[in-house]
2 protein chains.
Amino acid sequence: MIPISYLRFNGGLMITVLRLGHRHVRDHRISTHCGLVARAFGADEIIFSGERDDKLMESIDKVARNFGGDFKTRYERNWRRIITEFTGVKVHLTMYGLPLESELEGIKNKIKSVPRDMLVIIGGQKVPGEVYQLADYNIAIGNQPHSEVAALAVFLNVLQPVPDFSGGKKIIPQKRGKKLV
Amino acid sequence: MIPISYLRFNGGLMITVLRLGHRHVRDHRISTHCGLVARAFGADEIIFSGERDDKLMESIDKVARNFGGDFKTRYERNWRRIITEFTGVKVHLTMYGLPLESELEGIKNKIKSVPRDMLVIIGGQKVPGEVYQLADYNIAIGNQPHSEVAALAVFLNVLQPVPDFSGGKKIIPQKRGKKLV
């Protein structure tokens, strides 16, 4: 089986995360975590919809500048356009969806067949019903309520894209304590 | 290899999550997500330290009542006591730690040898240096800054304890749309 990382290495797969329904103040930290998780687990960019929040994007951009790589953040009011105009595989993460375990091979095959880019859609408190129709896959990381941050992390961790953190500060793993160079 | 779920089934393994340094308002939603992730990915309880926040615990308890199982939340001001008096395996999740991939077998073996309960410690913005000393393992889910919510989810997902959601509402996985019974 061709690993996803092979496709990425060959310029085949680009992962965009779309975060729906961001709200000022209330969602600031959760949305920040969504952005940092997207970057740390190998996505290429995150698009925020809902309320525009430049501070949110700046705080993620700052981490990206410090820790390297080429991760992008941007705002787009019209989430519907982002989804409908996206030509790759669209995966919506929701606790109401089908189990990741049963759908993963299908998703991987769909990516490989062309190969095509991937859009990973995460909510917001209230995800419009239309999103469930526009997505190619509605995928549950367990059918229990938990967190879009967690769902995104587990999904990307299973997909294993190869992240690029070149040019940034490096953490040197330690048994105890902290080392940053 | 004996799966963790076997130990759990035999009353061998109980997982407690300790969330350090909770702050009112600012951390409310991140801490809620930590609690929901702990429950959804099979931990038995979460202990919050930092500022006491009854609303936080009530919101997690409410989900636990609705969706089943026996997940517990509690507050403990003295986090040091929790860690020092804990007799099982203590794992601190931190981006400065050693990679999960290289340490996982060691952790699993340590659990199996007795078998003993597990304490999973997650930060807070500023984790006291002492925590790195008191933990048996300082483990990184990637050495990039991201999220304690994500780190907890990926760690528990790899450990695969068997969750108990008996007696609650059930989500029936759907290709499109929502079904809750």
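Taking a point 7 Å from the Cα of B:Gln174 along the Cα-to-Cβ direction, the residues of region A:132-153 with backbone N closer than 18 Å to it are A:132-146. In region B:83-181, one over the average inverse separation of all distinct C-alpha pairs is 15.4 Å, which is the Kirkwood hydrodynamic radius. When all protein chains stay in place and ligands, DNA and RNA are ignored, the 1.4 Å accessible-area order of B:Ser102, A:Ser31, B:Ser59, largest first, is B:Ser102, B:Ser59, A:Ser31. Taken residue by residue and averaged, Cβ atoms of other chains lying within 10 Å of the Cβ of A:16-25 number 0. Across peptide A:40-48, the mean count of Cβ atoms from other chains lying within 10 Å of each residue's own Cβ comes to 2. Here the protein assembly as shown is treated with +1 on each Lys and Arg Cβ and -1 on each Asp and Glu Cβ, and its dipole about the Cα centre works out to around 360 debye. Overall, the accessible surface of the protein assembly as shown at a probe of 1.4 angstrom is composed of carbon and sulfur to the extent of 51 percent. Once amide H atoms are built 1.01 Å from N in the peptide plane, which residues 5 or more positions from B:His146, or in another chain, come under 5 Å H to H? Here the answer is none, since no amide H 5 or more places off falls under 5 Å of that of B:His146. Extension gain, A:Asn66 to A:Ser113: 0.36 nm times the residue separation minus the Cα-Cα distance gives 13.3 nm. Taking all protein chains into account, the per residue accessible area for region A:19-88 stands at 45 Å² (1.4 Å probe). When the P(r) is computed for region A:13-118, the part past 21 Å accounts for 40% of the Cα-Cα pairs. Let me check I've understood the local charge: for A:Arg23, count other residues with C-beta under 14 angstrom from its C-beta, Lys and Arg +1, Asp and Glu -1. What total comes out? It works out to a net charge of +4.
Amide H contacts under 5 Å for B:Leu98: A:Gln174, B:Asn138, B:Ile139, B:Ala140, restricted to partners 5 or more places along the chain or on a different chain, H placed in the peptide plane at 1.01 Å from N.
A:Arg80 label point (Cα plus 7 Å toward Cβ) to equivalent points in the other copies: 5.8 nm, shortest first. The rotation axis taking chain A to chain B passes closest to this chain A residue's Cβ, listed with the gap in Å: A:Val149, 2. Orientation-averaged projection of the protein assembly as shown equals 17.2 nm² [convex hull of Cα atoms, one quarter of hull surface area]. On association of chains A and B, roughly 4100 Å² of accessible area becomes buried (total for both chains; probe 1.4 Å). Fraction of C-alpha pairs exceeding 22 angstrom in chain A: 45 percent, rounded to a whole number. Peptide A:134-142 has a mean of 3 when you count, residue by residue, the C-beta atoms of other protein chains within 10 Å of its C-beta.
The values are calculated or read from the model by the stated rules, or taken from the named source; none is laboratory data. Keep in mind that what you see is a predicted model, and the values were worked out from it rather than measured. Note that we place each Cβ from the backbone using ideal geometry, even for glycine, and neighbour counts take in every protein chain shown. Surface accessibility is based on the protein's heavy atoms, side chains included, excluding ligands, DNA and RNA. Shrake-Rupley method; radii C 1.70, N 1.55, O 1.52, S 1.80 Å.
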